[in-house]
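Engineer: I have a structure here, written as structure tokens, and I will follow up with some questions on it.
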Amino acid sequence: METADEPLALRFRPMETADLRLLHEWLHRPHVQRWWNSRETFEEVTQHYLPAIEGKEPTDHYVVLLDERPIGLVQTYLVSDYPDYSAVVGVGEGAAGVDLFIAEVGLTGQGIGTEILRRFVDEIVFSSPTTTSCVADPDVRNLASIRAFEKAGFSVVKEFVDPEHGQRHALVCRDRADPA
């Protein structure tokens, strides 16, 4: 774990086909399932995630490793690649989206999510010079997630209702120039 002198041993590796069984198991954990769209069967998980793993869909999925142990998922995409979503959130060109979960319930509430966001946005999302901002849309009831985003340099810019599920979400944004 992190001390004042040494940072967390976090790393992100692209998701592979071999990770789909683990992902399926993670998606059924109650603390993940509460906020994350669950795919019920392994086949549904494969159908949803495999095209991106194979490079046929524009979302990039990563396994989060802590001390080389898989602990969660983080994903990014260009918002403009999803026109319906882009119209709902109303962000311009150059905006990337990010979503994550920590699969190990014992690792939640310790600031690890904040550190994942901080590093992932700096190392992966903003590695593209054309990406000018990063957004996410946690459910407004998920106060822990919103706080983690804020601690990672994001600001709540508005709330909106997700037309697909009818739930209120907070749109959080971090511009490239914002300090984390």
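Engineer: Is it the case that some residue within region 152-159 is surrounded by 15 or more Cβ atoms within 10 Å (Cβ to Cβ) and on the phi > 0 side of the Ramachandran plot?
Structural biologist: yes
Engineer: Kindly list the number of the only condition in (1) surrounded by 13 or more Cβ atoms within 10 Å (Cβ to Cβ); (2) farther than 23 Å from G113 by Cα that fails for L23.
Structural biologist: The failed condition is (2).
Engineer: Now, a different point. The conditions are (1) at pLDDT below 95; (2) part of a loop (DSSP other than H, G, I, E, B), and K56 fails exactly one of them. Which is it?
Structural biologist: All conditions are met except number (1).
Engineer: Would you be able to tell me the number of residues in region 119-130 that are in a loop (DSSP other than H, G, I, E, B) and surrounded by 18 or more Cβ atoms within 10 Å (Cβ to Cβ)? Spell out the reasoning first.
Structural biologist: Our first condition is that a residue be in a loop (DSSP other than H, G, I, E, B); within region 119-130, this holds for 124, 128-130.
Cutting the leftovers down to surrounded by 18 or more Cβ atoms within 10 Å (Cβ to Cβ) gives us 124.
Count: 1.
Engineer: Here are A87, A144: which of them is in contact with a helix residue (DSSP H, G or I) (Cβ under 9 Å, 6 or more places away or on another chain) and either at pLDDT below 95 or not in a helix (DSSP H, G or I) (or both)? Let's see the steps before the verdict.
Structural biologist: Values: A87 fails: in contact with a helix residue (DSSP H, G or I) (Cβ under 9 Å, 6 or more places away or on another chain).
Only one candidate passes the filter, namely A144.
Engineer: Right, next: So, of the residues in region 62-84 that are in a strand (DSSP E or B) and of a type in the set (S, T, N, Q), which turns out to be nearest to W26 (Cα to Cα)?
Structural biologist: Step one: filter region 62-84 for residues in a strand (DSSP E or B), giving 62-66, 69-78.
After this cut, where a residue has to be of a type in the set (S, T, N, Q) as well, the list is 75-76.
Details: Q75: 15, T76: 19 Å.
Among residues in region 62-84 that are in a strand (DSSP E or B) and of a type in the set (S, T, N, Q), the one nearest to W26 (Cα to Cα) is Q75.
The values are calculated or read from the model by the stated rules, or taken from the named source; none is laboratory data. Computed from a predicted structure; not experimentally measured. Positions of Cβ are backbone-derived with ideal geometry, glycine not excepted, and every protein chain shown enters the neighbour counts.
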